[in-house]
Amino acid sequence: MKLPISIKNNKSFDEIKIKNDEYLKEVKICSYNNFEDKRGIIWTSFKKEWDAKLLPEGVNFVHDKFNLSKKNVLRGIHGDQETYKLISCVYGKIFQVVVDCRINSKNFGKHTTFELNHLNPKSILIPPGFGNGFLVSSSKAIYHYKLAYKGKYNDSEKQFTYSWNNKNFKIKWPNLKPILSKRDSKSA
């Protein structure tokens with residue numbers, strides 16, 4: 001039986017490459033091998049054995065969330081002190097921001113940014129104490145959160161929220177008139 005497609009190289013499509021962000025060393029950037037042909041792209045976004053490469057001992061990914069947002073929607077800056085978030089944009093394009101929100105950190109308020117999109121599969125591991133925010137640049141985007149924590153999940157009522165335009169963070173958002181939720185409109 002002849003396969004309908006030939007693979008011209010021997011690279012594994014289940015590999016992950018992990019590096020630390022150059023500005024906030026606790027933040028990790030995960031790049032994936034992918035296969036692309038005229039039909040589209042395929043990649044592996046997670047394997048259980050990657051827990052040991054990404055998380056402290058005893059912490060595992062336990063919860064996934066997706067959201068679909070339209071152009072100019074800005075979500076964040078949110079986080080908590082216990083949850084690791086492996087985030088990616090599985091469709092569309094976003095401007096991703098990660099802010100050090102650990103009050104006693106020498107890097108408090110410092111941030112790093114990324115462009116995430118479905119054509120260049122990549123994930124960002126956001127550790128506890130760091131704020132997560134993103135702005136949708138494409139007409140629509142699907143955002144994926146893979147969450148790791150011990151105990152119960154800290155949903156919005158137990159998370160911290162900082163204003164997306166907090167003057168202390170000095171984030172250069174590509175849109176200064178985003179679409180915001182009530183939570184993000186009221187945050188300080």
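Every number here is computed from the coordinates shown, using simple stated rules; none is lab data. Source: prediction; values computed, not measured. Here the Cβ is made from the backbone with ideal geometry for all residues, glycine too, and neighbour counts use every protein chain on show.
All other residues with a Cβ under 12 Å from the Cβ of Tyr153 taken together, and with Lys, Arg as +1 and Asp, Glu as -1, what is their net charge?
Working: positive: Lys65, Lys85, Lys150, Lys152, Lys158; negative: Asp64, Asp80, Glu82, Asp155, Glu157.
So the environment of Tyr153 carries a net charge of 0.
For region 49-152, take the convex hull of the Cα atoms, compute a quarter of its surface area, and give me that in nm², please. Can you show the working numbers first?
Values: hull surface 27.5 nm².
Approximately 6.9 nm², given one-decimal rounding.
Short version: what are the Cα gyration tensor semi-axes of the chain, square root of 5 times each eigenvalue, largest first, in whole Å?
Values: eigenvalues 177, 82, 43 Å².
Whole-Å semi-axes of the equivalent ellipsoid: 30, 20, 15.
Okay, helix-only estimate at 222 nm for the chain: each DSSP H run of n ≥ 4 adds -39500 (n - 2.57), divide by all residues, round to 500 deg cm²/dmol; what do you get? Let's see the in-between values first.
Details: 2 runs with 9 residues, N = 188.
Per the formula, -1000 deg cm²/dmol.
Order the peptides 20-29, 73-82 from the highest to the lowest mean number of other Cβ atoms within 10 Å of their residues. Intermediate values should be presented prior to the final figure.
Values: 20-29: 14.9, 73-82: 20.7.
With the highest mean Cβ count within 10 Å placed first, the list reads 73-82, 20-29.
Taking a quarter of the surface of the Cα convex hull of region 12-86, what do you get in nm²? Walk me through the intermediate numbers first.
Working: hull surface 29.9 nm².
Average of the hull's projected areas for region 12-86 equals 7.5 nm².
Over the chain, what is the mean sequence separation of C-alpha contacts under 8 Å (at least six apart), divided by residue count, expressed as relative contact order in percent?
Values: 394 pairs, mean separation 50.1, N = 188.
So the answer I get is 27 percent.
Residue-wise, which Karplus ³J(HN,Hα) couplings in Hz belong to region 99-105, taking 6.51 cos²θ - 1.76 cosθ + 1.60, θ = phi - 60°, and x for glycine or proline?
Along region 99-105, the couplings run 10, 6, 10, 7, 4, 8, 7 Hz.
I'd like the per residue volume of the convex hull spanned by the Cα atoms of region 89-129, given in cubic angstrom. Don't jump to the answer; show the numbers that get you there.
Values: hull volume 2.6 nm³, N = 41.
For region 89-129, the hull spanned by Cα atoms encloses 63 Å³ per residue.
Hey, which of these cross-link pairs are over 26 Å Cα-Cα: Lys17/Lys167; Lys110/Lys158; Lys48/Lys152; Lys25/Lys53; Lys28/Lys152; Lys17/Lys152? Spell out each step's value before the answer.
Working: Lys17/Lys167 34 Å; Lys110/Lys158 23 Å; Lys48/Lys152 20 Å; Lys25/Lys53 15 Å; Lys28/Lys152 24 Å; Lys17/Lys152 30 Å.
With Cα atoms farther than 26 Å apart: Lys17/Lys167; Lys17/Lys152.
Given H placed on each backbone N at 1.01 Å, which residues far from Ile126 in sequence or on other chains put an amide H within less than 5 Å of it?
Lys85, Leu86, Ile87
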